[in-house]
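The values are calculated or read from the model by the stated rules, or taken from the named source; none is laboratory data. Just so it is clear, the model here is predicted, and its values are computed rather than measured. Note that each Cβ is placed from the backbone with ideal geometry, even for glycine, and that neighbours are counted across all protein chains shown.
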């Protein structure tokens, strides 16, 4: 009987001292404490005919893009990151909104395709210049007009569109 009581006490103390693994997976991280950057410095993406976006590289080395397609009905909003993502075996994560915002999804994509876009002049099929990915410094966030926000630390990235998005971290990546 003593072993059962001691075992139950040990389990209870571990449960009280450990972080809650079952925390609400839908909880949106608070990005208010991050310093906002000038979005114009990152606004280097245009995909003909109507998609504009900001691109950046994270301190972790993977690339991200947040974009807005205004002439679509309704407008389309998207945030994506790709490359060697922490805390997942997938190489891409994206959140997309049009009629509604769906939870973000992890996937495996052709990374070269993420660097392709269409220009309005010939040659129309282009590849993004690697210099277009400016580092988003740790502790900062990029608020893209009418779309959403991405924020980074040295070891994590969060992107939010509406009430959905994703969090990338070596401690565990998640979508919400």
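Some points to look at:
- Of the residues in region 90-102, at least one is touching a residue at least 12 places away in the same chain (Cβ under 8 Å), in a loop (DSSP other than H, G, I, E, B) and within 26 Å of residue 33 (Cα to Cα).
- Residue satisfying all of: in region 38-55; in contact (Cβ under 8 Å) with a residue 12 or more places away in the chain and in a helix (DSSP H, G or I); nearest to residue 132 (Cα to Cα) among these: 41
- When 30, 38, 125 are screened for being surrounded by fewer than 12 Cβ atoms within 10 Å (Cβ to Cβ) and over 17 Å from residue 152 (Cβ atoms), only 125 passes.
- Qualifying residue in region 69-89 (condition: in a strand (DSSP E or B), touching a helix residue (DSSP H, G or I) at 6+ places or on another chain (Cβ under 9 Å) and within 16 Å of residue 131 (Cβ to Cβ)): no
- Filtering region 125-144 to residues that are in contact with a strand residue (DSSP E or B) (Cβ under 7 Å, 6 or more places away or on another chain), on the phi < 0 side of the Ramachandran plot and assigned to a loop (DSSP other than H, G, I, E, B) leaves 128, 133, 136, 138.
- Being at pLDDT 95 or above and either within 18 Å of residue 50 (Cα to Cα) or surrounded by 14 or more Cβ atoms within 10 Å (Cβ to Cβ) (or both) is a property that holds for residue 88.
- Of all residues in region 115-124, at least one satisfies being touching a strand residue (DSSP E or B) at 6+ places or on another chain (Cβ under 7 Å), in a strand (DSSP E or B), touching a residue at least 24 places away in the same chain (Cβ under 8 Å) and closer than 21 Å to residue 42 by Cα.
- Members of region 103-114 that are surrounded by fewer than 16 Cβ atoms within 10 Å (Cβ to Cβ) and in contact (Cβ under 8 Å) with a residue 40 or more places away in the chain: 103, 105
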